[in-house]
Amino acid sequence: FARGTATLPPMAMSGITDGQTKPDWMWARQLQRLIDGTPLKPTLMEALESLVATHAESIDLDALQYVVGMTRSQWRSEGKLRSLGVPDSFEEFALAIHVYTLQEPSIYEVVNKVMFSPDRRVQGGGISEALRACVPYIRFLDEALRRLPERFIHVGRVYRGVKWVFPSPERHDPVAYFKAGATILWYEFKSTSTSNEVMSSDNFCGHQAGPRTIFFINAVRGYRIADFSFFGNEEEVLFPPLTQLRVMAASKTIIDPKERGSGQEALRRSGHPDQVIAEQIVDSPAGPVSGHPDQVIAEQIVDSPAGPVSGHPDQV
């Protein structure tokens, strides 16, 4: 993380991590070993136990148990999993995906905030207790994605919009920053959508003037989770930690990232979102994006006999 980013609001911090082009490979290796070396808990609530205990000020355990219990009962009553062609044995994993999409209790916010926090590492190369407490759930959710049936694997274009410009509003120059061939490494889970229209929602770029970027990504292995999501209409495709993207191209369409306001005049002065095109590099299952704020176009690159999936920079 760049100096001073710890004082930024969570949305800005998250946006910054979307476009980091200098991967910390030692941290990636350490994180991968931590996740892989964590035993898989038998149930969702057991996987959440240490997370909830450590972040009790943010997560209401009673509320979480109630939501999980009611969702479980509703799904069983509807025969939801069978209707999706998913075995009943997948129920705990399906609920883990559902919990990640909830706004309240906001598990995803706690998990990702800890994963991209500058404090995730402690002196001497250790890992923060806050992150360690989240790892059992991270491992459980990661396993849930990997166990999804093949028809939930997404191959093709997805979009991810963020309320940020690169490398920063003060040094706004995405074309120089996102050099062709550069690698973007996402350390935490990232949500994308197959719908370009969703990029104007508050979960992505929003509909107000300001710093905005949209990533257009040709994915080779994303996970369609809309059927399990609280927000089924967002056509969400989720990518696990340590997803890699290779930049293909970028364009600068935000005029003034410091402009603020929600009216048409403010949006005109601010400009449309910047764009970045990239492709996914897959060592393990993982892939992003489009909209009107700063748009970033990216493609997922996957090491496979067929070779990488190429992007379509005609939108830049």
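Here Gln315 clears all of (1) closer than 18 Å to Cys205 by Cα; (2) surrounded by fewer than 24 Cβ atoms within 10 Å (Cβ to Cβ); (3) in contact with a Phe, Trp or Tyr (Cβ under 9 Å, 6 or more places away or on another chain); (4) modelled with pLDDT of 90 or more except the condition numbered (4).
On the basis of being in contact with a helix residue (DSSP H, G or I) (Cβ under 7 Å, 6 or more places away or on another chain), of a type outside the set (Ser, Thr, Tyr) and surrounded by fewer than 20 Cβ atoms within 10 Å (Cβ to Cβ), does Ile255 make the cut? Yes. Screening Cys205 with (1) closer than 30 Å to Gly263 by Cβ; (2) crowded, with 17+ Cβ neighbours inside 10 Å; (3) modelled with pLDDT of 95 or more gives one miss only, at (3). Can you list residue pairs whose Cβ atoms sit under 6 Å apart, with the first residue in the stretch 39-65 being among the acidic types (Asp, Glu) and the second being modelled with pLDDT under 95? Count only pairs 6 or more apart in sequence or on different chains. Pairs found: Asp60/Pro105.
I'd like the residue in the stretch 263-278 that is assigned to a loop (DSSP other than H, G, I, E, B) and touching a Gly at 6+ places or on another chain (Cβ under 9 Å) and, out of all such residues, is surrounded by the most Cβ atoms within 10 Å (Cβ to Cβ).
The extreme case among them is Pro273.
Being out of contact with any strand residue (DSSP E or B) (no Cβ under 7 Å at 6 or more places or on another chain), among the aliphatic types (A, V, I, L, M) and crowded, with 18+ Cβ neighbours inside 10 Å, is that true of even one residue in the stretch 144-156? Yes: the stretch 144-156 contains one or more residues that are out of contact with any strand residue (DSSP E or B) (no Cβ under 7 Å at 6 or more places or on another chain), among the aliphatic types (A, V, I, L, M) and crowded, with 18+ Cβ neighbours inside 10 Å. Annotation: of all residues in the stretch 26-75 being surrounded by 14 or more Cβ atoms within 10 Å (Cβ to Cβ) and among the small types (Gly, Ala, Ser), the one that is farthest from the chain's Cα centre (by Cα) is Ser50.
If only residues of the stretch 120-143 that are touching a helix residue (DSSP H, G or I) at 6+ places or on another chain (Cβ under 8 Å) and part of a loop (DSSP other than H, G, I, E, B) are counted, the one that is surrounded by the fewest Cβ atoms within 10 Å (Cβ to Cβ) is Gly125. The set of residues in the stretch 157-173 that are over 28 Å from Asp227 (Cβ atoms) and either surrounded by fewer than 22 Cβ atoms within 10 Å (Cβ to Cβ) or among the small types (Gly, Ala, Ser) (or both) comprises Pro167, Ser168, Pro169, Glu170, Arg171, His172, Asp173. Would you confirm whether any residue within the stretch 230-245 is part of a strand (DSSP E or B) and surrounded by fewer than 22 Cβ atoms within 10 Å (Cβ to Cβ)? No, the stretch 230-245 contains no residue that is part of a strand (DSSP E or B) and surrounded by fewer than 22 Cβ atoms within 10 Å (Cβ to Cβ). Taking only pairs six or more apart or across chains, which ones have beta-carbon atoms under 6 Å, a first residue in the stretch 229-255 that is modelled with pLDDT under 95, and a second residue that is part of a loop (DSSP other than H, G, I, E, B) and of a type in the set (Gly, Ala, Ser)? Close Cβ pairs satisfying both conditions: Glu235/Ser195; Glu236/Ser229.
The values are calculated or read from the model by the stated rules, or taken from the named source; none is laboratory data. These figures come from a predicted structure and were not determined experimentally. Every residue, glycine as well, gets a Cβ built from its backbone with ideal geometry; the counts of neighbours run over all protein chains shown.
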